[in-house]
1. For the list (1) open to solvent by 10 Å² or more (accessible area, probe 1.4 Å); (2) more than 14 Å from every other protein chain (Cβ to nearest Cβ), I need the number of the one condition that A:S151 fails.
2. I'd like to know if segment A:96-111 contains one or more residues that are within 14 Å of chain B (Cβ to nearest Cβ), within 23 Å of B:R86 (Cα to Cα), open to solvent by less than 50 Å² (accessible area, probe 1.4 Å) and among the aliphatic types (A, V, I, L, M).
3. Would you check which residues across segment A:6-17 are of a type in the set (D, E, K, R) and either at pLDDT below 90 or near DNA strand D (Cβ under 9 Å from one of its atoms) (or both) and list them?
4. Just to check your reading of the model, which residue among A:E33, A:E89, A:E38, A:E83 is within 13 Å of DNA strand D (Cβ to nearest atom) and buried (at least 16 other Cβ atoms within 10 Å of the Cβ)?
5. Within segment A:36-50, work out how many residues are near DNA strand C (Cβ under 10 Å from one of its atoms) and in contact (Cβ under 8 Å) with a residue 24 or more places away in the chain.
6. Determine if segment A:180-187 includes at least one residue that is part of a loop (DSSP other than H, G, I, E, B), assigned by TED's automatic domain parsing to the domain that holds A:E83 and more than 16 Å from the chain's Cα centre (by Cα).
7. Just for segment B:1-20: of the residues that are touching a helix residue (DSSP H, G or I) at 6+ places or on another chain (Cβ under 7 Å) and within 12 Å of DNA strand C (Cβ to nearest atom), which one is farthest from B:A71 (Cα to Cα)?
8. Residues of segment B:62-75 being buried (at least 20 other Cβ atoms within 10 Å of the Cβ) and more than 20 Å from B:A165 (Cβ to Cβ), which ones?
Protein chains: 2
Amino acid sequence: MSENKTTLTDAVHDLLRKAIIEQALKPGMRLPEDTVGEQFGVSRTIVRHALVRLEHEGLVVTRRNRGAFVAEPSRDEAQHVFEVRRCLENDVIRLLCQRMPGSGYDRLEAHVRQEEAVRGKDGPVSIRLAGEFHVLLAELTGNPVLTRYVSEVVLRCSLIMSLYARSHSSDCAVDEHSQIIAAIRTGDAQRAIEIMEHHLGAVAGRAELAAQPDSIQSILSHYGKELAQ
Amino acid sequence: MSENKTTLTDAVHDLLRKAIIEQALKPGMRLPEDTVGEQFGVSRTIVRHALVRLEHEGLVVTRRNRGAFVAEPSRDEAQHVFEVRRCLENDVIRLLCQRMPGSGYDRLEAHVRQEEAVRGKDGPVSIRLAGEFHVLLAELTGNPVLTRYVSEVVLRCSLIMSLYARSHSSDCAVDEHSQIIAAIRTGDAQRAIEIMEHHLGAVAGRAELAAQPDSIQSILSHYGKELAQ
DNA sequence: CGCAAGTAAATTGTATCCAATTGACTGATG
DNA sequence: CATCAGTCAATTGGATACAATTTACTTGCG
């Protein structure tokens with residue numbers, strides 16, 4: 001745990017992830033190993049390892065002998081990610097209604113105050129804080145496995161929003177975060193889940209996931225794959 | 001998808017994973033990169049990438065400059081994995097009660113018949129089939145993201161069982177699988193979840209997770225970390 | 001002018017090589 | 001005798017070099 005001095009691979013991994021969710025690296029953009037490598041002053045080996053991890057996290061896709069690209073999730077994939085996120089966050093709420101740790105509400109309210117401090121500004125800070133609220137909820141369950149999965153889907157949702165949403169404006173989100181805290185405090189899991197569903201529904205709704213036509217391959221996939229040999 | 005000819009890294013990855021969950025590689029066992037490499041006739045580079053992936057899946061842990069080891073989850077970690085598994089499988093049931101695909105019940109029943117065919121034999125085949133039933137349930141939701149997470153926790157549970165359970169005997173398990181199918185068929189999610197909880201509870205119970213004293217570090221962690229510098 | 005084949009450049013897949021860190025052994029010292 | 005410093009073997013962290021594959025461009029032909 002504490003004996004792990006961060007390694008170069010970790011550093012590159014974190015930087016790339018940050019760059020992706022902050023939209024510095026846009027979906028579909030190529031990530032050639034040596035380009036990234038000389039940018040950070042490390043060799044391809046490091047970049048490769050980082051890319052392998054990012055692929056596992058769903059932020060990057062690699063095509064054999066073609067290289068790595070920032071993930072460009074189709075609307076179908078996006079819906080799958082959102083669905084899993086709803087499931088996981090509801091599970092988090094159920095657990096927290098059973099066992100919220102002592103310092104839990106203090107930490108949550110401190111976080112909401114942070115969010116309120118940057119209300120209105122639509123910068124990367126606001127986006128990051130909005131995501132971290134949900135990760136914090138997961139952390140309070142005391143279950144690192146659950147926390148990791150929630151982190152992953154939250155990050156992927158950030159990427160999805162950057163692809164499909166017209167605006168990241170999270171004005172109402174902060175209020176809803178407060179409402180979720182309040183509902184958990186009363187121990188009413190069902191009500192908390194309803195608010196969470198509404199909250200995530202609003203987020204997903206902004207992504208217009210069902211409105212516009214899907215990607216070419218998703219459409220053509222209904223016409224059979226016989227030609228693919 | 002279909003254009004991905006399997007790469008060497010994939011092959012080694014699969015082999016190692018299989019070896020781990022079949023207990024050929026026992027928890028705590030060292031996995032030196034060059035030893036594994038010459039065993040499979042590939043270089044360290046390949047093994048390294050495979051180990052990175054396995055670490056992400058929670059089947060191996062790597063200690064900085066010390067190398068990789070087959071994961072040896074503490075009882076605490078084991079409980080976390082089981083908890084996430086319960087959450088995810090309940091989510092799967094909720095989704096399936098809403099939208100079971102047409103061929104779903106046929107595939108499930110075919111699988112149960114396979115399990116019944118090897119009933120009694122406690123070999124690796126029986127263990128594998130028991131796990132695959134749960135992965136099949138997840139697949140039927142049509143959500144690949146959810147399927148991947150379920151697969152991961154199911155595999156980790158296999159590893160945990162190999163560590164803590166006295167016997168892998170899954171005689172009753174097959175019957176419970178049938179009961180779960182029946183409950184989903186009636187659309188009664190609540191009842192299906194109860195059976196699933198009981199089913200997983202029985203599995204976890206066999207692991208005696210709460211009975212015996214925990215690991216040393218888990219105990220000592222309550223005595224402060226000042227000495228860790 | 002369009003299409004197919006062939007070739008070259010670019011990029012990944014894999015192997016090998018050097019450096020840095022760790023753990024164990026040895027020996028000295030209070 | 002226990003403890004600590006110093007050295008050495010073993011193994012990983014990281015970089016470079018080579019091979020294989022893909023893509024894009026060019027060229028030739030109908």
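1. (2)
2. Taking segment A:96-111 and keeping what is within 14 Å of chain B (Cβ to nearest Cβ), we get A:96-99.
After this cut, where a residue has to be within 23 Å of B:R86 (Cα to Cα) as well, the list is A:96-99.
Next cut, open to solvent by less than 50 Å² (accessible area, probe 1.4 Å) only: A:96-97.
Now narrow it down to the ones that are among the aliphatic types (A, V, I, L, M): A:96.
Looking for residues that are within 14 Å of chain B (Cβ to nearest Cβ), within 23 Å of B:R86 (Cα to Cα), open to solvent by less than 50 Å² (accessible area, probe 1.4 Å) and among the aliphatic types (A, V, I, L, M), one finds at least one in segment A:96-111, hence yes.
3. Start the filter on segment A:6-17 by keeping residues that are of a type in the set (D, E, K, R), which leaves A:10, A:14, A:17.
Listed by number, the list holds a single entry, A:D10.
4. Going through A:E33, A:E89, A:E38, A:E83 in turn, the sole match is A:E33.
5. 2
6. Of all residues in segment A:180-187, those part of a loop (DSSP other than H, G, I, E, B) come to A:187.
Filter again for assigned by TED's automatic domain parsing to the domain that holds A:E83, leaving A:187.
Okay, now just the ones that are also more than 16 Å from the chain's Cα centre (by Cα), so A:187.
Checking segment A:180-187: at least one residue is part of a loop (DSSP other than H, G, I, E, B), assigned by TED's automatic domain parsing to the domain that holds A:E83 and more than 16 Å from the chain's Cα centre (by Cα).
7. Looking at the filtered set, the residue picked out is B:L8.
8. B:A68
The values are calculated or read from the model by the stated rules, or taken from the named source; none is laboratory data. Since the model is a prediction, treat every value here as computed from it, not as a measurement. We place every Cβ from the backbone using ideal geometry, glycine too, and count neighbours over all the protein chains shown. To get the accessible areas, we keep the full protein, side chains included, count just its heavy atoms, and leave off ligands, DNA and RNA. Shrake-Rupley method; radii C 1.70, N 1.55, O 1.52, S 1.80 Å.
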